[in-house]
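Here the structure is laid out as structure tokens; the discussion comes afterwards.
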Protein chains: 2
Amino acid sequence: MDCERIGRVETPYASREDAPRQGFLGDATGTVHVAEQYRAALTGLDTGHTIDVVWWADDADRSVLRVRGGNRGVFTTRSPARPNPVCVTTCDVLAVDSEAGTLDVAGVDMVDGSPVVDLKYALVGDDEHTPSDR
Amino acid sequence: MDCERIGRVETPYASREDAPRQGFLGDATGTVHVAEQYRAALTGLDTGHTIDVVWWADDADRSVLRVRGGNRGVFTTRSPARPNPVCVTTCDVLAVDSEAGTLDVAGVDMVDGSPVVDLKYALVGDDEHTPSDR
């Protein structure tokens, strides 16, 4: 199953060691850059929305199955180290420039330059109960 | 970026038309079957946990960028129709058989037989504030 890169994310984190373990642990902001051919898919996205940024951890060790001395399987973590390093970070949208294909977002935990494979509305709080708008 | 199939999910839904738009809209249960070589990654997963099942919508139209008459970009939906049909469904774990590699889960919305590419602990409710255990 082949994932296309739909863009990349610009963050303050040069390496995995610099990044928080989850986006909500930091208040860092970043910018998602969406490639030109996918920008039509941003139609309707606006400031104040909450999205799941689905990204690919380029640097992840895909051979790891257990962590913490073998006591925890990677399927019980959200670490990027896992057979398919598809990561999901829920971010708040601060600003959108649809023409330029840029989204400023808060709550990033990705390493700078990580490939983005998808964006989707997040299911958060009361929104879980208003799927008609999804 | 190539995603390996780590397993598949068995659900009551023979087609997309049969499935709810989101897992939490139905109370249907299903079974995730994890391939033998990935079962070590289930270590520690137990009944009562909540997980994100990351799956691949085989039947999705990957050329769709806008829906609803062009008014909504697919990045503002959770529809499987999108450039990379990587879907995320949050499910409650009802039972685990680590040796057989099966997880019975509630809240499924996948078409029967869909490939699974990842499982990860979900960030839900109070758990959002207990990342030390993630």
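Read-outs: derived from the displayed coordinates by stated rules, not from any lab. Owing to the predicted nature of the structure, the values given are computational and were not obtained by experimental measurement. Positions of Cβ are backbone-derived with ideal geometry, glycine not excepted, and every protein chain shown enters the neighbour counts.
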In whole Å, what are the Cα extents of chain A along the three principal axes, biggest one first?
-> 46, 33, 33
Sorted largest first, the Cα spans of the stretch B:1-76 on the principal axes come out in Å as 46, 33, 22
Provide Rg over Rh for the protein assembly as shown; use the alpha carbon set for both Rg and the Kirkwood Rh (inverse mean inverse pair distance).
-> 0.94
Distances in nm from A:Pro12 to the matching label points in the other copies, shortest first (labels 7 Å along Cα to Cβ) | 4.9
In nm², what is the average projected area of the convex hull enclosing the Cα atoms of the stretch B:69-108?
-> 4.1
Nearest-0.05 FRET efficiency for A:Asp18 and A:Val124 at R0 = 30 Å, using Cβ-Cβ distance, is 0.70
Note the full-extension length gain between B:Ala35 and B:Asp58 as 0.36 nm times their separation in residues minus their Cα-Cα distance, in nm to one decimal.
-> 6.5 nm
In nm, one decimal, shortest first: how far is the label point of A:Gly113 (7 Å from Cα along Cα to beta carbon) from the matching points in the other copies?
-> 4.2
